[in-house]
Amino acid sequence: MVLQSISAAQDPAGFALLERVHRVHDLGKALSVLSWDREVNMPPGGDRARVQQMTTLRQLLHQEATGEAYGEAIESAAAAWAGLPDDDDRSCLIRVLRRDYARSRKLPEAFVLTLSRESAQAWTVWKQAREEDAFPLFRPHLERLVELQREMAELYGYETERYDALLDGYEEGARAAEIRAVFATVKAATVPLLEAIVASGRAVDDALLHQAYPVAAQETFARQIAAEVGYDFRRGHLGTAVHPFASSFDRGDARITTRWYPAFLSPSLFGTLHECGHAIYEQGTAEALARTPLARGCSSGIHESQSRMLENVVGRSRAFWRRHFPALQASFPAQLSGATAEDFYRAVNKVQASLIRVEADELTYNLHIILRFELEQALLSGDLAVADLPTAWNDGLHRLLGIHPPNDREGCLQDVHWSGTSFGYFPTYALGNLYAAQLRQAALAADAGIGVALDAGDWTPLLQWLGREVHLPGRKFPPSELIRRATGKALDAADFVAYVRAKFSDLYGLG
Ligand code: ZN
C-alpha cells in the first residue's frame, strides 16, 4: 500500500494522519531550505530576518508536531492499521511517529528555549575562543552546556547510562556499552597497525595533491565524477559551503555542497564524493515514502556509512583510480602528467598521525572519534571536570596517536559539536566506517559480480545492492535491524579491521 494513495473514504484515520504528517514534513523541509540558503546563497545582511523566519517556522513545527491532536491522530491510525505486518510502510510509519512524538514531548518548552539560548551564546564564544586559542573563555559556557545535556538526558530517560539518552537521538536504540565494545576492537587493531606503519619507515609522497589546482577546473571535474558515480543532477545541486554538507528536501531534490582549495585537491574531490554518498542515499529512498519521516536516512551512523563507502571504500581504492585517473589527468595535465594512477592512489591514502579530525586519513580517523567518545562520556558522568578537558584531551591524543597538540585551538577547541547540543553525535562518524566495511563484505558475499566490477573500478553493481538493501527502505527500520537485514549480523568491527589491515599492509609493504 503506497502511503500517498490512502483515501479518505476507505481509510479515514490513515488519511487524517497523513494530512498531519505531510504538514509537519513540509514545515520541516521548508526550514531546511531556509537553512541551506543561509549557508550557500544568502548575503550577510539577510541574517537577522532569516533567523526570525526560521524561528517562526520552528514554532509552527513544534506546535504541529507536539500537540495533543497529533498524538490522537497517530493512535487512531495505529488502531485502524493494527495487525499489519511489522515491515508494512504503515506499521513502520506508526513506529517512527510514536518515537518522534514521545521524544519531542519530553523536553518542556522552557528547557528548549534555555538550551537554544545557551548554545547560541556558547557557539559565538567558542568561535572566538578557538580563534584566540583561549579555552578559559569557553570553559564556563561548556560547563553550562554539560549541565544542560545532563538535564536533557534525564528528561529523555534511559535504562542504564545517561549517555544512551543522547546517543539515541542520532542512532536509534544504540547503547554506549555496545559502542565501547566495538571501539575497543577497532583501537586494539588500529594502534599496532599504525605503529607498524611508522616503524616500516616507508614514506608515502602526497606532494602531487598540494599544487596549484585552478578552482574552475576542480569544479568541472567534481561535477563530472559526481555524475559518473550516480549522483542525479536532475534531482541534485552542487553548491559551495565553508563546512560542506548534504541537505535533502525530497528524493527529487537532494543537494550537496563542497569547498575549493586552490592549492590542495583532496577537499573538493573527496568532499564531493562524500556528500554524493549522502545525497545518493536520499535520492534512493522509495517514492512511496515521500512526505513522511520515513523518506530519509535511517540514522546518522547509517547515513555516514553511505558517504564513507563512496569517499573511502570506493573512492580511495586502487581500482577506482585505475579507471578514473586518466580523466583527472586530462583535467589537470600540468599538475598530473608525470604521475601514475598508482602514485595518486598512494598519495590519497597516506597515513599520518595528525591533530585535526576532519583532515585525518582513513586509518587514524576512528582514533580521533574514540578520543571524543571517551571524553564526552566522562564529561557527562562527571568523571571529568570541564576545567581538566584540555589536559585530558592532550593526554588522550598522545596515548592514541603518539602526538601532542601545541595548543587548544588544534586540540579540544577544534570541533563545533560541544559548543552546541550535539553530545552523542561523535560515535556515529566511526560507526559509519564500521557499517560501510560490513555492508561491503555482505555485498561481496551476496553477489560475486559486485567484486568483479569493483576490481574494474565500477561500483554500479555495489550501488544497486546498496539501493535495495539500504536506500529504498529509508527510515523504515532502526539501524540495528537494517544492518541485520542487509548483512545477516549485528554491528561488528571485524570487517572493518580486516579491510584496513589488508589495505594498509599492502600499501606500506607490511608482512
Ligand atoms: Zn558525512
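Things worth noting here:
- Condition check for GLN211: over 22 Å from TRP36 (Cα atoms) and part of a loop (DSSP other than H, G, I, E, B): yes
- Applying a threshold of 9 Å to beta carbon distances and a minimum spacing of six or more residues, or different chains, the list of pairs starting in region 110-127 at a residue that is in contact (Cβ under 8 Å) with a residue 40 or more places away in the chain and ending at one that is of a type in the set (Val, Ile, Thr) and buried (at least 17 other Cβ atoms within 10 Å of the Cβ) reads LEU115/THR421; SER119/THR421.
- Candidate set: region 235-269, residues that are within 11 Å of the ligand (Cβ to nearest atom) and not in a loop (DSSP other than H, G, I, E, B); chosen: the one farthest from HIS210 (Cα to Cα): ALA246
- For first residues located in region 410-433 and touching a residue at least 40 places away in the same chain (Cβ under 8 Å), partners that are more than 13 Å from the ligand (Cβ to nearest atom) and outside any helix (DSSP H, G or I) and lie 6+ apart or on another chain with Cβ distances below 7 Å form the pairs GLU410/LEU355; GLU410/ILE356; GLY411/PRO405; GLN414/ILE356; GLY424/GLY169; THR428/GLU171; LEU431/GLU171.
- Any helices (runs of 4 or more DSSP H) falling wholly within region 53-148 and containing at least 1 residues that are under 24 Å from the mean Cα position of the chain (by Cα) and buried (at least 17 other Cβ atoms within 10 Å of the Cβ): 89-105, 109-132
We did not get these values from a lab; they are worked out from the coordinates using the rules stated. Small disclaimer: the values here were computed from a predicted structure and weren't measured. Virtual Cβ from ideal backbone geometry, glycine too; neighbours counted across all protein chains shown.
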